[in-house]
Amino acid sequence: MRKIILDLAVTLDGFIEGPNGEVDWCIMDDDMGFDKFVEEIDTILYGRISYELYGYYTPDASRSQTEIDFAKATQKMKKYVFSKSLSTIQGNATLVSENIAEEIYKLKESPGKDIWLFGGASLITSFIQAGLIDEYRIGVHPVALGNGKPLFQQLQQRLDLQLIDTKVYRSGVTLLRYKPKQSE
């Protein structure tokens, strides 16, 4: 069965974006394994706002080759947009507006590679509360913003995780990989 992988960047103080939505603190170095990650996935899950901002993001020529290659690879993938406010979606994406858990179980059972839960924050919270995330890959970046949008918002219960791997990159980013801890 395919896995749902939450893979995202977070600041040292736990924010996924700054107070004005900025993510300019995010580091994408060539040693961070983005090429390997895109080989493992073929589908990306977005909330409405994340899709509008990043669903077809194309970095300009001043960005690193790693970021440019990563964006090109993700543009070719299947995309699902979760929104209750939209009735149609532009671009090559599938709109899901109800029965999230049912749709995800169907998707996980369908043929293909693993699935990247990109975000946003409320979609991540919905997935956590429904127990839909199989692996958490959190890239902790060496910056503290002091304010912004936190990774974990409005959790209704405690989230117990088991650390399965760590890796430190030359930029100072630390990748923490977790899986949900099994109830005993």
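Throughout, read-outs are computed from the coordinates displayed, never taken from laboratory work. Keep in mind that this is a model prediction, so the values were computed, not measured. Here the Cβ positions follow ideal geometry from the backbone for every residue, glycine too, while neighbour counts run over all protein chains shown.
Points worth noting:
- Relative contact order for the range 100-184, counting Cα pairs under 8 Å that sit 6 or more residues apart, in percent: 30
- Each Cα pair under 8 Å and six or more residues apart adds its sequence gap; the mean of these over the residue count of the chain is a relative contact order of 35 percent.
- Answer label for Cα extents along the principal axes in Å (calculated), chosen among (1) 66, 38, 26; (2) 44, 41, 32; (3) 58, 42, 26: (2)
- Sequence-separation-based contact order of the range 45-100, relative, with Cα cut under 8 Å and 6+ spacing, percent: 33
- Antiparallel bridges, percent of DSSP beta bridges restricted to the chain (to nearest 5): 40
- Residues of the range 132-164 with amide N under 18 Å of a point placed 7 Å along Cα→Cβ from D31: 139-143
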